[in-house]
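Please treat every number below as a calculation from the coordinates, not as lab data. Every value quoted in this text rests on a predicted model; they were computed, and no experiment measured them. Cβ coordinates were reconstructed from backbone atoms using ideal geometry, including for glycine residues, and neighbour counts include every protein chain displayed.
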Amino acid sequence: MRIFICCSKHHYNKIPEIKRTLEMNGHMITLPNSYDAPFKEEEMKKIGKEEHVSWKANMIKKQDEKVKANDAVLVLNFDKNGQKNYIGGATFLEMFKAWETGKKIFLYNDIPDGMLNDEIAAFSPIIINGDLNKIN
């Protein structure tokens, strides 16, 4: 299966081990847009508002292409800043695009509590509770 990994840039350090395990299980992995430069967005914000907006729009277009090119998305929704099972705005958009295009959506952990709980539940994600062997 072709899988696009989605998560907060603050969790990119957890991707290599997960990627390795998935590849050992025969999956092909697509990494997040800014994986090689996780804090590029902060740099773009410092350059200026127009540059940041343009960069962000380009990232959203790229994530759209990546979702469409894969069979599934795997959302690594780890805790962040005291928020359990965090899913940020960009990851939510990736999940929505996956749902909209009929792709499988895997959540590493449970659906987070919060204002998007109902929408995420409506995507019918497959919750794997950290067990990568449940991805098939």
> Among all helices in the chain defined by DSSP H, which have a length of 15 Å or more along the axis from Cα atoms plus a Kyte-Doolittle mean of at least 0.0?
Replying inline: 89-100
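Any of Lys56/Lys97; Lys45/Lys104; Lys46/Lys97; Lys45/Lys68 with alpha carbons more than 24 Å apart? Name them for me.
Numbers: Lys56/Lys97 16 Å; Lys45/Lys104 33 Å; Lys46/Lys97 29 Å; Lys45/Lys68 28 Å.
Check vs 24 Å cut-off fails for Lys45/Lys104; Lys46/Lys97; Lys45/Lys68.
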> Cα gyration tensor of the range 50-124, axes a ≥ b ≥ c as square roots of the eigenvalues: rounded (a/c below 1.5), prolate (a/b > b/c) or oblate?
Replying inline: oblate
> Cross-link partners among lysines for Lys84, C-alpha distance below 17 Å, same-chain residues fewer than 8 apart left out?
Replying inline: Lys9, Lys14
> Using alpha-carbon positions, what is the distance between the centroids of the range 1-59 and the range 80-121, in Å?
Replying inline: 16
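Mind checking the dipole of the range 14-136: about its Cα centre, +1 per Lys or Arg Cβ, -1 per Asp or Glu Cβ, Debye to the nearest 20? Walk me through the numbers before you get to the answer.
Values: 18 positive and 19 negative charges, 47 e Å.
The calculation lands at about 220 debye.
If you take the Cα atoms of the chain, find Rg, then find the Kirkwood Rh from the mean of 1/r over all pairs, what is Rg/Rh? Could you put the intermediate results ahead of the total?
Numbers: Rg = 14.5 Å, Rh = 15.2 Å.
With Rg and the Kirkwood Rh in hand, the quotient comes to 0.95.
Evaluate the relative contact order of the range 1-89 (contact order divided by residue number), counting alpha-carbon pairs under 8 angstrom at least 6 apart; express in whole percent.
Values: 95 pairs, mean separation 39.1, N = 89.
Relative contact order here is 44 percent.
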>> Below 11 angstrom from the Cβ of His11, what's the summed charge of the other residues (Lys, Arg +1; Asp, Glu -1)?
In response: +2
